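The values are calculated or read from the model by the stated rules, or taken from the named source; none is laboratory data. From a predicted model like this one, the values you see are computed outputs, not experimental measurements. Reconstructed Cβ throughout: ideal geometry from the backbone, glycine too, with neighbour counts over all protein chains shown. Calculation scope for accessible area: heavy atoms of the full protein, side chains included, ligands and nucleic acids excluded. Shrake-Rupley method; radii C 1.70, N 1.55, O 1.52, S 1.80 Å.
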Amino acid sequence: METLMVDCVQSSLRHFMHRNAIFVCERLCAEFPSELNLQLLASCYLQNNQAYCAYHILKGTQMPQSRYLFAKACFKMDLLSEAEAALCPTNEASSEVPNGAAGHYLLGLIYRYTDRRKSAVDHFKQALSIDPLLWTAYEELCILGAADEANAVYGDVAALCIQQRYLHQASNSHISESSCEDHAAASSRTLLSEDLNSRQLKHAQGNNFKDANSNHGVVLGGATSHSHNIVPPTASVYSTPSPMPAQLSGLAPPPLCRNGQTNINLVGGESSPRSIVNSNLQAPRRKFMDEGKLRKVSGRLFPDSGPRRSTRLAAEAAANSISNLNSNSNAGQASGNGMNHASSKYLGGLSSSRLSSATFRSVTVRKGHSWTSESFDEGRRHEVFDDSRSDNTATTSSSASPLVDDRSLERERSSMHISAITTNGSRNLTGVSEFLCLLRTLGEGFRLSCMYRCQEALDAYRKLSHKQYNTGWVLSQVGKAYFELVDHLEADHAFALARRASPYSLEGMDVYSTVLYHLKEEMKLSYLAQELISTDRLASQSWCAIGNCYSLQKDHETALKNFQRAVQLNARFAYGHTLCGHEYVALEDYENGIKCYQNALQIDARHYNAWYGLGMVFLRQEKFEFAEHHFRRAFLINPRSSVIMCYLGTALHTLKRSDEALQIMERAILADRKNPLPMYQKANILLNLERFDEALQNLEELKEYAPRESSVYALMGRIYKRRNEHEKAMLHFGLALDFKPSTADVAAIKSAIEKLHVPDEIEDNL
């Protein structure tokens, strides 16, 4: 019963019928309370997203698997301290982490989210050493910035580890199969010995029954006044033959006809022997012999295809009863019943063979074997065998032959199994090599992307095959790389291909919505948000896209609510916390903005966007030292971002460290020629250093990249004013106003025009 219930639970879990699995498993735990059954019940609840149920079921359990499941439930409930205590008990410092690689991976996540980076890295690496195919562990190492090169992780050591594990599993399966085969062979030998013993017992009983019938002078033929319904005293016992020797001991063989009635009137009756045989029989005696040979051959090929033991016993009992009829017919002839030699021979030969086959077929029809489809006319063409020869052949084929065949079959099966293991092993070695090569390419691309070496990451992804490159995950990573390179058009194209390849996947859609925000694609962004919400309303990426829609429309309060919803659905969504911070800053709520950025950094210390956001807050608050610190931290994480370098240079310039600021600006310009901000800030620094010619030269170059940027012309007007070239200054101030600047910039430009002829010294005092 317990095994049946466990199979039912596991079958329900395989078919994702979690409610049925929980119901049956509760019955299982009530009927057979054990910790193993509690583990199964907890697994049902975990798969049904009811971690709190698994938590209460497994609390206080001690088995390793129970502790792992309990830790999994605690992790989902954000009870990280209890999860750590379950995986690493304080009173058992030397105990191993349960569940191998999965346990180390879970412990690494716990350490990561409790800000213990070194311990997290150690456990992720241990998980990879145990199972090199645990991709998520390598992914976490890349996110933490501690991943080794993919060639080292997925190299020869990983291949050797996988091969050893495969060979170990193959040997275990071979051992289990061998034990099963040995058990089956032993069982067949036991059944064979029991079959032989029962056959010998019934043969002895048949002889006794024959002697008894001859002593009592049983007569088959007779006058028509004899009874036609002769029912033996034990007929009811033999109406359904049993294969058990205990039931057969001390009993006569079964009657020749069904339902315990003979109805045989061979002499002086209305029916002839042939008509009786044709009405009751369908196969000759030869078929019984062929069945014995068939059982020998089919026993080699299909061990379970032979007739059931009850069928064989009933057939043998029928054979013994035929020999009894032969002796009785001879006795009837001697007692003067009027039968000649020919009729006696007919009864002892053809009739005995067909009667025995009839009894055999009467059993096989009930058992449902396929032999019942044969006709009597086909069997009539076969020659007739003697009963003693038939018994001899059957006994020989069922005693000596199976013993020899078992040994040869065992040798053949073992050799076939070894050759199969060798063939499968060579195939699996090839598969391991190919899979590790794929993981090396994907891993190297992801590692480079996490290190923000985005161009190198793109080159790595291009090495993939066409099939692998055009998958949703890879195209999303390509889109993220282009986004970090500030190539929003290419990022849009890559994400659009990812949506086409996997329209059901939400991987990277938060970044895609930000790409559309920067491109100011309101319609495409709105359509994306609607699609994501219709796909999964409980996904953080969906609400992130809606938030970007409202932020693009300058509705920061509504955008903030949507970003908060995204964080509520996934508290470990670092980018969601950062977007909340951006909206708070846009609303000039700097205190809450700082809290949101700090929450993001607690989740992911390498989330450079949060460091950048904190730097911008302190820059606006004119806390330049704090601003420089946070910009520096963001720069150390992502040293290829021209935006971060630009604002770091601005902070350094405000701290009177202009030489460092100019060096940073040069690096920012080289990092991204298309970004006009570093060139503008460099010209501003040169203006403050009174290096007017260099500043004007820099701005002339900038005009080629941003010909309609009003701030560029406004800055050139300020430079010409400082050089007392008022006509050129007025020209450029007018051009700046023509390009429709913002309201604040309009006010600043008009103020500069009004003070055009005021000396700089007096203007500074004003």
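Points worth noting:
- Taking (1) free of Cβ contacts under 8 Å to residues at least 24 places away in the same chain; (2) open to solvent by 20 Å² or more (accessible area, probe 1.4 Å) in turn, ALA494 satisfies each apart from (2).
- Meets criteria (under 30 Å from PHE573 (Cβ atoms), touching a Leu at 6+ places or on another chain (Cβ under 8 Å) and of a type in the set (S, T, N, Q)) for GLN39: no
- When TYR154 is tested against (1) within 16 Å of PHE446 (Cα to Cα); (2) surrounded by fewer than 18 Cβ atoms within 10 Å (Cβ to Cβ), only condition (2) is not met.
- Subset of the stretch 469-485 (residues that are in a helix (DSSP H, G or I) and out of contact with any Ser or Thr (no Cβ under 7 Å at 6 or more places or on another chain)): TYR469, TRP473, VAL474, LEU475, SER476, VAL478, GLY479, TYR482, PHE483, GLU484
- Selection count where residues are touching an Asp or Glu at 6+ places or on another chain (Cβ under 8 Å) and in a helix (DSSP H, G or I), scope the stretch 486-498: 2
- Within the stretch 686-703, residues that are within 22 Å of LEU652 (Cα to Cα) sit with their Cβ atoms under 6 Å from residues that are open to solvent by 80 Å² or more (accessible area, probe 1.4 Å), at 6+ positions apart or across chains, in these pairs: LEU686/GLU694; PHE692/ARG723.
Listed here are the residues, each with its yes/no results for (1) surrounded by fewer than 22 Cβ atoms within 10 Å (Cβ to Cβ); (2) at pLDDT below 95.
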{"position": "SER81", "(1), (2)": "yes, yes"}
{"position": "THR90", "(1), (2)": "yes, yes"}
{"position": "GLU96", "(1), (2)": "yes, yes"}
{"position": "LEU106", "(1), (2)": "no, no"}
{"position": "ASP115", "(1), (2)": "yes, yes"}
{"position": "PRO132", "(1), (2)": "no, yes"}
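- Any hit, the stretch 561-584, residues being of a type in the set (Asp, Glu) and open to solvent by 50 Å² or more (accessible area, probe 1.4 Å): no
- Search result, residues across the stretch 705-735 that are small (Gly, Ala, Ser) and within 20 Å of LEU689 (Cα to Cα): SER711, ALA714, GLY717, ALA729
- For the residues ALA457, ALA491, the requirement of being over 22 Å from the mean Cα position of the chain (by Cα), hydrophobic (A, V, I, L, M, F, W, C) and over 15 Å from GLU149 (Cβ atoms) singles out ALA491.
- Residue within the stretch 480-487 that is without any contact (Cβ under 8 Å) to a residue 24 or more places away in the chain and farther than 23 Å from GLU149 by Cα present: yes
- Just so you know, in the stretch 28-54 the residues that are in a helix (DSSP H, G or I) and of a type in the set (S, T, N, Q) include one that is farthest from MET5 (Cα to Cα), and it is GLN47.
- Residue selected from the stretch 749-766 under the condition open to solvent by 60 Å² or more (accessible area, probe 1.4 Å) and either among the acidic types (Asp, Glu) or not in a loop (DSSP other than H, G, I, E, B) (or both), by the criterion modelled with the highest pLDDT: LYS750
- Test result for ALA736, part of a helix (DSSP H, G or I), out of contact with any Phe, Trp or Tyr (no Cβ under 9 Å at 6 or more places or on another chain) and of a type in the set (A, V, I, L, M, F, W, C): no
- Selected residue (criterion: surrounded by the fewest Cβ atoms within 10 Å (Cβ to Cβ)) from residues of the stretch 450-469 that are free of Cβ contacts under 8 Å to residues at least 40 places away in the same chain and touching a helix residue (DSSP H, G or I) at 6+ places or on another chain (Cβ under 6 Å): LYS463
- Residue within the stretch 45-54 that is open to solvent by less than 20 Å² (accessible area, probe 1.4 Å) and more than 25 Å from SER12 (Cα to Cα) present: no
- Only one of the numbered conditions (1) over 24 Å from the mean Cα position of the chain (by Cα); (2) farther than 27 Å from ASP131 by Cβ; (3) of a type outside the set (S, T, N, Q); (4) at pLDDT 90 or above is violated by CYS25, and that is (1).
- ASN675, sole failed condition from (1) open to solvent by less than 50 Å² (accessible area, probe 1.4 Å); (2) over 58 Å from the mean Cα position of the chain (by Cα); (3) closer than 29 Å to GLY613 by Cβ: (2)
- Matching residues in the stretch 499-532 - criterion: being open to solvent by 10 Å² or more (accessible area, probe 1.4 Å), under 19 Å from GLN553 (Cβ atoms), hydrophobic (A, V, I, L, M, F, W, C) and not in a loop (DSSP other than H, G, I, E, B): MET523
- Residue within the stretch 558-571 that is within 22 Å of ILE143 (Cβ to Cβ), in contact (Cβ under 8 Å) with a residue 40 or more places away in the chain and not in a helix (DSSP H, G or I) present: yes
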